[in-house]
Amino acid sequence: MTKSRFSRRQFLGGLTKAMLATAIAPRVLSSGASAAARPASERINVLSIGTGNQGRDLLSNFLGLPDCQLAGLCDPYGKNRNLAMQKVQAAYGSECKSYVDFEEALAEPSIDAVVIATPDHWHSAMILAAVRAGKAVYCEKPLALSLNQNRAIQNAVRSSGAVFQYGTMQRSMPNIRLAVELVRGGVIGDLKRLDVWAAGSASGGSTAEIPVPPDLDYNLYTGPANMRPCTADRITNKGSWYCSDYALGFIAGWGAHPLDVAIWGMDSDLSGPYELRGSGKFPVSGLYDTATDWDVEIAFADGLPMHFFSRGPASKYVDYRPLDTGDGTTFFGTKGWVSVSRGVIYASNPDWLKIPIPKASEHVVYKPNYYQAFLDSTRYRTSTLTSVDDAVRSDAISHLSNLVIRTGEPIVWDPKTYQIRSPKPLNRLMDLPTRGPWATT
Amino acid sequence: MNLPRLVRPFVYSALFAASCCAPLSGAGSEAPLLRALVLTGDNNHKWKETTPVIVDALKSTGRFSVDVVEDVPGMKPGIFAPYDVIVSNYNTYGSKRAEPVWDEATKTAFLDHIRAGRGLVIVHAGSSFFYDWPEFQALACGTWKDGTNHGKIHDNRVTFTAEKSPVTDGLEPFWIRDEFWQKIKVAPGAKALAEVTPLAEFKGSGQPEQIMFSTEVGGGRGFALFLGHDVAAMSNPAFQSLLQRGTEWAATGKVTIPPASNWPSGQPGAGEVTGATAAPATLEQLIVFIRNYKYAGDRSGLIEGEKLLAHTAGTPEGAKAAAALAALLGDPAVSDDAKEFVCTQLRLIGGEAEVRPLAALLKDPKLAASAVEALEAIPGPAAARALRVASAGSESGLKAQIAQALKRRENPLGLVKPNLSAAFGESPDAGLLLAALRSSDPDKWNAALLAFGSRYSSKTAARLASSLKGLSPETKEAVLRIIADRRETKALPAILSAAAAEGDPAAAAVFIEVLGGIGDASAVPFLLTQLSTSDPKVRDAAVASLERVRGTEATVKIVDTLDLLPPESQPAVLTVLGLRRDPAALTATLAAAKSRDKEIRGAAIRAVGKIAVVSQVAGILAAIEGAPADDLPLWEKSLASAAGAGDRNAGVPAIASALSTAGPEMVPILLTAAGAAGTGDALVLLREKLQSPDEQVRRVALSAMGRALNPVLLDDLQEAVSGDASPVLRKLALRKLSDTLIADEALDPGRALAVLEPSATAASDSDDRRAILAALGRVKSEKALEVVARIEAADPAVAPEASAATANIYKLLKKIPPPKPASPQPNH
């Protein structure tokens, strides 16, 4: 068990500083900002776990922050580790420590924060281990592979007071924030219903077994998932997105983005029971076996309906705006609608989009650099832009939707007791069995 | 269906197209029609009904013109010339008419014509003639011969093999209701294109059977589709497509005809096909699908099956489905990936009944992880027990997984807020815990349980146990289980008095189970009273717990009560005594074995076998004396199990002495026991009896030798193989010889050959030779290869076993087998 270098006393002291900082002048630091780098002793030591495409993308964002000291890279795949190390070398002129096994990396006391961008099946075990080791955690969406894993993460974070930021990153995008301001500020009237959609998983993928690449620790790569024959596509990012061994598929992997926007806009703790029903499609052959399409109707406790579907049905339902992006969230109010995706925003009344939003909004906490915001939270132990509670809320919708389309059964979910009210037998599927010694709940 | 007029000589044109569907492709208008000649006019199937279906199927493509000949024996050399492909729906199987005799000129004309780049198509039984014309049979790909058979007509799913063929290229597996042939005699050089696994419940083989073939011989092509038993089967869109595409390929070597748009990939039943996405609609169909599923195969049935099963979860139907699924787990013909699917489904629908088949998988390195998955989710103590038992003997990775699974079972985390549980302090106060356990707040309730379990003390346990009365049933159960896990004996008196006061049978069952875990002699009276309750579940739980309560004192207490129990309860208690395997119960069980009540006697004899060790062989022999003849088979088992336990030599003198005076009814029993002992002295007894003039005695001696599986006996067995007066016993000896060699871990090749070579000479039929080949496959010697070759040359029927044995021997020798001859072997 190791403790963060930022002790509780520093945390308490820092709290006022943090509050002052946000009250007076919110930090605006973008990647490559010219602010003088802090001395190394004051920088936050970050460990990057999972250095595939997304991991290296995050690395670029963190490497540019003067507050950040990238102190370690961890990946069981040598190819990815080396590509990431080249980025560190380019930024610092020297290499940082390199690890194959995350448990070894987490045992390093100087690490303050971890950034997890592994395949989803690893999230739970790594978050729990990192929280136990006293580290702050930034974890890529989606949250984890089972409802119980999600709840275990939530409990661990809550009871330890650990800093946890969910890696959805869109809450630092101005157009997303604008949509949420329009909803929460009542511009669209009272919220009546939502459309939420995302691209589904792809089908296909090679099933022919290949030798495990010599620079890949396949046992560690597989971790708590089922051990499977190694195939060419299995060990790519597509394999980790679309194989049910490692993920729920894009119903969670991409669904997380528009669902997070929905949750942010709804401003509800979603504590009342809600019902889901619908159908979906799964590939009947090939390596990938997660949902390629889904069409799920959700009725929240306060009578608010959400329609959650994939790109296939979207072309049928979304006739009020261009389908120019992979995902989308539309809020329908009594006065009109606003629909938002990464990079675009549409509204029934285009004038709404010109409404100036005050910098310090009364409705939402907004910080333009999602990664700097995480470092700030780490340093001052303040709440993060996307909390573990919100992560559990949005990811539950993906898990339950997936369960609905897999079993064909309508489901009533009770977030308060964290149980499926009906059909009760499905509670047996709340958790996911895991392989090996890693604790995932 | 109107039959068209006959066109002389012997051929009529089939003019069905007008009455049938429009051509599927426009090929007919551009390319010249291919000309097909259908042979029929005799067949042990309803050729008058099926021929029009074949003709229709071909003509409907717009690719063929079709003529039909009904007088096959009368065909003359000139008849073949106009045709691109000959289709046989003809045979003489079981017919009063003789097999057609084509003169040499007609035969030559047929072969020359086909070999000039044309084709022969066989439909179902269309090759059951011209058996002695190898060139014809080679083009026919296969025929009903040498043990071909079939089960009853049923729905099944046909899959395509890995063989590349334009006929099957791009096609999905399909369902058809048909008669499925098994062990078709395949002609050399034919490629199998499709297979099906006929279901055992329809008297099918349960093995993959090849049912569609193609071949290319000397420039000619052959295509054989053994599906299509009747009009209904032939109406299946997949059958029609395969017939059309196969016939086009036979005629031209290419395929342009598209498959049917209503391809029956899901729903079984010819004629009621609903489309490509249809899937198993019943449990039976799902089972068929799972049986056929392999890694990377078509998953459609599994995806639909998951819904089918989810819908039954928690209902009696779900339990039925779980049992049917679990039955697949022990079937070696079902793929590992299919079994994995079954395990995943049992997570949702499995119950106590599925624990045993799942636990059996825990020893299989490929499936253990999946079995743990399922066991983790199945509620009840049996699953947890199976996991704990498996954990003890498993390798570290699996052990860790089981530990995680057990942890999640006991504390389905996420539901407990650790900070709440911390509120109970380092040594939680029983009063506070009780208050929280009575609370309606689930978080508090969980937290209290977690605090009790994780900061456990005997004192608190005793206190909670004495306050069980006011708690809800699930709280009672949770508290009791925590106490039971700690093997807390201090709480025993309190638990016993609470159990005695319990009125609810479901709660009583929990008490009974917990008492089994922590109870001692003091729990025996309570548990015995539970045997007379009417609820079978409670009775079963009581029996299980009586088996588990600790100590010889408990055994003695059970024994003391035995006579006081009502007769109908006694067999269960005797069974319990057997399971306890405590020698303290031997006298009582031996006494009960003399009871007048047949049930009691049976249970007692079985118990004796479980408890007894060799030192008590003499005691058992005494008890057998005077036993009713009906009981002898039971005694035989008990004596054998005693003789085979512990120091196995110790019982042999008693057996030997009993044998010297035994009457005919006792000899088999004693010999079986000698076989179970299996030691040198015991085997001497068997050897002697193998020389007995009494065939029955020799038979028992041989069977017992088979039980010993001791290589010492090889020469005796060999002698019996070659010399026993009874042909039946010679065969039996050969089986035992083969079994002994196969079981011999340190097989001596020289010695094995010394007994196998003469056995091969003595072998009387193919089955004998198969047994020899099975053993030969384990003999690491060049000479063994020669012996295999000799056996195969003498009996071609054992060719598959011979080639398996050859492959094994090469493997043992670490040599690469020579390549197979490239040209097809002549048929004779």
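Every read-out reported here was derived from the displayed coordinates using simple, explicitly stated rules and does not represent laboratory data. Since we're looking at a predicted model, the values are computed, not measured. Here the Cβ positions follow ideal geometry from the backbone for every residue, glycine too, while neighbour counts run over all protein chains shown.
Annotation: the residues B:T51, B:T761, sorted from fewest to most other C-beta atoms within 10 Å of their own C-beta, follow the order B:T761, B:T51.
Toward the positive end of the charge dipole of chain B, with +1 on the Cβ of Lys and Arg and -1 on the Cβ of Asp and Glu, the farthest Cα among B:A541, B:A701, B:I290 is that of B:A541. Shape analysis of the protein assembly as shown yields a ratio of the Cα radius of gyration to the Kirkwood radius, Rg/Rh, of 1.03. The range A:237-369 gives an Rg/Rh value of 0.99, both radii derived from C-alpha positions and Rh following Kirkwood. Reachable lysines from B:K366, Cα under 16 Å, same-chain residues fewer than 8 places away excluded? Those lysines meeting the cut-off are B:K294, B:K339, B:K399. Stretching the chain fully between B:A804 and B:K459 yields a gain of 117.5 nm (0.36 nm per residue, less the alpha carbon separation). Loop exposure criterion: trypsin sites (Lys or Arg not before Pro), DSSP state outside H, G, I, E and B, at most 11 other Cβ atoms within 10 Å. Applied to chain B, the longest stretch between such sites is B:255-486.
Kindly identify the range B:66-110 as rounded, prolate or oblate by the Cα gyration tensor criterion: order the square roots of the eigenvalues as a ≥ b ≥ c, call it rounded if a/c is under 1.5, otherwise compare a/b with b/c, prolate if a/b is larger, else oblate. Can you show the working numbers first?
Working: a/c = 2.38, a/b = 1.34, b/c = 1.78.
Since a/c reaches 1.5 but b/c is at least a/b, the shape of the range B:66-110 is classed as oblate.
Rounded to 0.05, the FRET efficiency of the B:L564 and B:E599 pair, given R0 = 25 Å and the Cβ-Cβ distance, is 0.90.
Since only A:V261, B:N44, A:W294 are under comparison, the one whose Cα sits farthest along the positive direction of the charge dipole of the protein assembly as shown, derived from C-beta charges on Lys, Arg, Asp and Glu, is A:V261. Across the options B:V667, B:S722, B:S641, the greatest Cα extent toward the positive end of the charge dipole of the range B:626-753 (unit charges at beta carbon of Lys, Arg, Asp, Glu) belongs to B:S722. Compute the Cα gyration tensor for chain A, then decide on rounded, prolate or oblate, letting a ≥ b ≥ c be the square roots of its eigenvalues: rounded whenever a/c is under 1.5, prolate when a/b is larger than b/c in the other cases, and oblate in all that remain. Oblate, because a/c is 1.5 or more while a/b does not exceed b/c.
Placing a label point 7 Å from the Cα of B:A200 along the Cα-to-Cβ direction, the residues of the range B:329-353 whose backbone N falls under 19 Å of that point are B:329-340, B:342-343. The label-point distance for A:Q89 and A:L353, in a model that sets each label 7 Å from Cα toward Cβ, rounds to 4.5 nm. Rounded to the nearest 0.05, the FRET efficiency derived from the C-beta distance between A:K97 and B:R388 at R0 = 35 Å is 0.30. Let's test the formula: R0 of 22 Å, r as the Cβ-Cβ distance of B:E688 and B:A725. What FRET efficiency results, to the nearest 0.05? The calculated FRET efficiency here is 0.85.
Whole-Hz Karplus values for the range B:162-170 come out as 6, 4, 7, 7, x, 5, 9, 4, x Hz, taken residue by residue from phi with 6.51 cos²θ - 1.76 cosθ + 1.60 and θ = phi - 60°; glycine and proline positions read x. Full extension of the chain segment joining A:A299 with A:R158 gains 48.0 nm, where the gain is 0.36 nm per residue of separation less the Cα-Cα distance. In whole angstrom, the range B:83-161 maps to an equivalent ellipsoid with semi-axes of 25, 18, 11, each derived as √(5λ) from the alpha carbon gyration tensor and ordered largest first. Computed over the range A:166-309, relative contact order equals 32 percent, with contacts defined as Cα pairs under 8 Å that lie 6+ residues apart.
The magnitude of the dipole of chain A, with charges of +1 and -1 set on the Cβ of Lys/Arg and Asp/Glu and taken from the Cα centre, is near 920 debye. Take each residue of peptide A:422-428, count the partner chain Cβ atoms within 10 Å of its Cβ, and average: the result is 5.
Considering helices alone, the calculated mean residue ellipticity of chain B at 222 nm is -16000 deg cm²/dmol, with DSSP H runs of length four and up weighted by -39500 (n - 2.57) and normalised per residue.
Using a simple charge model, +1 on the beta-carbon of Lys and Arg, -1 on the beta-carbon of Asp and Glu, nothing else, what dipole does the range B:644-708 show about its Cα centre, in debye to the nearest 20? Let's see the in-between values first.
Details: 6 positive and 6 negative charges, 33 e Å.
Computed about the Cα centre, the dipole is about 160 debye.
Between B:K407 and B:K46, the modelled label-to-label distance comes to 6.7 nm, taking each label 7 Å out from Cα in the direction of the beta carbon.
With +1 on each Lys and Arg Cβ and -1 on each Asp and Glu Cβ, and nothing else charged, work out how big the dipole of the protein assembly as shown is about its Cα centre, in Debye to the nearest 20. Spell out each step's value before the answer.
Values: 133 positive and 134 negative charges, 610 e Å.
Result for the protein assembly as shown is approximately 2920 debye, rounded to the nearest 20.
Roughly how many nanometres apart are two label points built 7 Å out from the Cα toward the Cβ at A:D267 and B:S660? Label at A:D267, label at B:S660, 10.3 nm between them.
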